[in-house]
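Everything on this sheet refers to the single structure shown next.
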Amino acid sequence: MASDDNDIPNVIAPPPLIYIVPLLAGLLLHRWFPRDVVSPMLAQWLGAACLALGLVMFPALNEFRRAKTNPKPWRPTTALVIQGPYRFTRNPMYVGFTLIYLGIAFWLNALWPVLLLPVALLIVDRGVIAREERYLERKFGAEYLAYRARVRRWL
């Protein structure tokens, strides 16, 4: 078990912020140097589909409530959440953020945010997910390792 004074994963920043900054930077670049990702008609369909699929994060939040633990990765975790969408991916909220990000970029048919998405994903992967995984392994040990062995990190 992790000690109370270090009972957090020490993520580098709140995950929503990690997604919002490159999205806004990309949208600003799009305003100055507009570049389409796809045809306008396809952009609307792709945007709507990604936004709808991104709603996977809401059932994931509900699973945290059911387990009576905090979804904020800068707060201590009191339970390992492995139900609902967590049966298919260890990070459904980050998958949801990614899909919502893409949905906005496609809906606005903006290339720059799409090009900046790998930056957000790299920061989330290394600065959030890797730290959360080390924390969960320290805190839950074999139970977390068994879960990690059977469920993928992303999809």
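Filtering THR89, THR69, THR77, THR98 for residues that are open to solvent by less than 40 Å² (accessible area, probe 1.4 Å), under 17 Å from VAL128 (Cα atoms), among the hydroxyl-bearing types (Ser, Thr, Tyr) and over 15 Å from the mean Cα position of the chain (by Cα) leaves a single hit, THR77. Summed over region 38-59, the residues that are among the β-branched types (Val, Ile, Thr) and at pLDDT below 95 give a count of 1.
Quick one: which residue in ILE18, ILE12 is at pLDDT 95 or above and part of a loop (DSSP other than H, G, I, E, B)? Of the residues listed, the single one that is at pLDDT 95 or above and part of a loop (DSSP other than H, G, I, E, B) is ILE12. Taken together, the criteria exclude ASN62 from residues that are assigned to a loop (DSSP other than H, G, I, E, B), modelled with pLDDT under 95 and surrounded by fewer than 17 Cβ atoms within 10 Å (Cβ to Cβ).
Within region 48-76, residues that are polar (S, T, N, Q) sit with their Cβ atoms under 9 Å from residues that are surrounded by 14 or more Cβ atoms within 10 Å (Cβ to Cβ) and assigned to a helix (DSSP H, G or I), at 6+ positions apart or across chains, in these pairs: ASN62/GLY84; ASN70/PHE64.
On the stretch given as region 35-59, residues that are open to solvent by 40 Å² or more (accessible area, probe 1.4 Å), in contact with a Phe, Trp or Tyr (Cβ under 9 Å, 6 or more places away or on another chain) and not hydrophobic (A, V, I, L, M, F, W, C) total 2. Scanning region 104-155 for residues that are among the acidic types (Asp, Glu), closer than 13 Å to PRO9 by Cβ and touching a residue at least 60 places away in the same chain (Cβ under 8 Å) yields a single hit, GLU132.
The values are calculated or read from the model by the stated rules, or taken from the named source; none is laboratory data. Since the structure is predicted, the reported quantities are computational estimates derived from the model, not experimental observations. A quick note on method: Cβ atoms are made from the backbone with ideal geometry, for glycine too, and the neighbour counts reach across all protein chains shown. Note: accessible area is taken over every heavy atom of the protein model, side chains too, but ligands, DNA and RNA are not part of it. Shrake-Rupley method; radii C 1.70, N 1.55, O 1.52, S 1.80 Å.
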